[in-house]
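Peer 1: Shown below is the structure under consideration.
Every number in this text was worked out from the coordinates using simple rules, so none of it is lab data. None of the values given here were measured: they were computed from a predicted structure. Reconstructed Cβ throughout: ideal geometry from the backbone, glycine too, with neighbour counts over all protein chains shown.
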Amino acid sequence: MAALALLGACTPRPAGSNLRHDGVVERMAVTAPGVARSAGPACGTARLAAGVKGGDGGSAGFTPTVGYRVGPGDNLRFNIFGEEGLSDITARVDDAGYVQLPIVELVRVGGRTTRDIQAELKEAYAPHFINPWVTVELIGAESAPLYFLGEFREPGVRYMKGATNVLEAVALAGGLGKDAYLPGARLLRDNRICTVDLNALLRNGAFEQNVWMKPRDVLFAPLKEDMSVYVLGAVAGPQAVPFGAEGRTLLQVLALAGGPVGGQALLSDIRIIRTTSPTQGELIIVDATRMLTGKGLDFPLEPGDVVFVPRSALGDWNVAIGEILPSLQLIGGVLTPITLIESLKDE
């Protein structure tokens with residue numbers, strides 16, 4: 001811990017920042033500017049509209065279809081009433097979207113509603129039977145999975161049976177467990193984090209966050225103690241430190257990361273990037289030297305905090321961001337919204 005006392009020149013402040021002094025720290029609210037311009041939740045560049053039943057359902061990112069569309073893995077029941085051997089036939093849709101049926105053989109059903117399939121089969125069987133009465137029933141919907149990870153009452157895979165919004169999806173998994181850490185909850189789609197604020201939706205009734213789900217979406221709700229704090233920059237061993245049941249403080253995580261690099265670490269200007277949602281957070285600048293000299297208390301951290309210890313050679317805050325992003329990805333901070341950290345370049 002002796003290395004913690006090493007000091008150096010001041011690191012540049014973010015350009016045009018609105019830092020406010022708060023004891024031994026300075027704070028600045030941060031909002032990802034690209035998200036603010038998109039006027040709502042987004043995945044990448046695509047804005048997501050709220051999933052309101054009875055509305056137009058439109059969104060640049062994903063628009064749910066009207067009625068359930070059959071897909072690979074679904075199970076269907078077919079009846080051609082009054083015809084021997086053609087009642088109560090069950091078939092599973094293959095990977096190409098086809099089922100095999102008597103007489104008409106291979107029938108493409110993928111991407112169609114049961115009503116569409118029924119009309120087509122009635123026409124297909126018409127040359128063989130007089131005015132055939134055909135019914136098609138969906139008995140097992142498995143082509144539109146949703147994945148629930150973490151603190152749901154019934155985690156695992158569930159299947160959509162039509163247009164489903166976030167609240168309906170959470171209900172499919174039995175709701176959230178009492179220990180779920182909602183500020184860390186995330187919606188993941190196509191290997192990216194969507195800027196959907198599940199905490200605001202579920203705790204504060206921000207229904208603009210109640211977006212449509214898409215097949216293969218992932219909802220993740222962690223335990224607070226299962227989350228990590230990420231220590232980067234001029235420390236001996238940059239790493240993800242488990243938050244734990246008792247929580248962590250700044251000096252604790254610096255020690256667990258092997259302490260600052262001698263002659264390089266600027267302990268008077270440690271940066272903490274704190275995310276309160278996928279698009280909102282704080283930049284906190286901490287003077288750890290005051291803590292080490294007894295002039296201030298150790299600083300408590302929150303789950304998901306990114307602690308960056310700058311180097312004396314740092315000449316530009318953007319250089320620090322350029323170091324934080326690849327390091328964070330390398331040590332597994334995939335659930336920390338990268339767009340929020342990148343936004344600090346523009347402050």
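Peer 1: Hey, rough spin-label estimate for residue 84 and residue 256, points 7 angstrom out along Cα→Cβ, what's it come to in nanometres?
Peer 2: Rounded to a tenth, the inter-label distance reads 7.5 nm.
Peer 1: For a quick protection proxy, order the peptides 264-271, 216-223 by their average other-Cβ count within 10 Å, most packed first.
Peer 2: Going by the mean number of other Cβ atoms within 10 Å, highest first, we get 264-271, 216-223.
Peer 1: If you line up the Cα atoms of region 241-316 on their principal axes, what length do they span on each, largest first, in Å?
Peer 2: 34, 30, 23
Peer 1: Around residue 74, which amide H atoms from residues at least 5 apart in sequence, or from another chain, sit under 5 Å from its own amide H, with H modelled in the peptide plane?
Peer 2: Placed amide hydrogens put 93, 142, 143 under 5 Å from residue 74.
Peer 1: Give me a comma-separated list of calculated 3J(HN,Hα) values for region 76-86, in order, Karplus coefficients 6.51, -1.76, 1.60 applied at θ = phi - 60°, integers in Hz, x for any Gly or Pro.
Peer 2: 10, 10, 10, 9, 10, 5, x, 10, 4, x, 10
Peer 1: Let me ask something else about it. Would you mind counting up the charge near residue 99? Only other residues with Cβ under 9 Å from its Cβ, with Lys and Arg at +1 and Asp and Glu at -1.
Peer 2: Net local charge, residue 99 excluded: +1.
Peer 1: Using the Cβ atoms and a cut-off under 15 Å, what net charge is assigned to the surroundings of residue 158, where Lys and Arg are +1 and Asp and Glu are -1?
Peer 2: Here the charged neighbours net out to -1.
Peer 1: Turning to a different aspect of this structure: Hey, any idea what Rg/Rh is for region 69-212, computing Rh the Kirkwood way over Cα pairs?
Peer 2: 1.14
Peer 1: Same structure, new question: Using Stokes-Einstein with the Kirkwood hydrodynamic radius over Cα pairs, what translational diffusion coefficient do you get for region 134-267 at 20 °C and a viscosity of 1.002 mPa s, in µm²/s rounded to a whole number?
Peer 2: The calculation lands on 124 µm²/s.
Peer 1: Once the Cα gyration tensor of region 71-131 is found, what semi-axes does its equivalent ellipsoid get, as square roots of 5 times the eigenvalues, in whole Å, sorted largest first?
Peer 2: Each semi-axis is the square root of five times an eigenvalue, giving 20, 12, 10 Å.
Peer 1: Can you tell me the length gained on complete extension of the stretch residue 154 to residue 133, counting 0.36 nm per residue apart and subtracting the Cα distance?
Peer 2: Contour length minus the Cα-Cα distance gives 3.5 nm.
Peer 1: For region 237-281, how big is Rg over Rh, using alpha carbon atoms and the Kirkwood form of Rh?
Peer 2: My calculation of the ratio gives 1.01.
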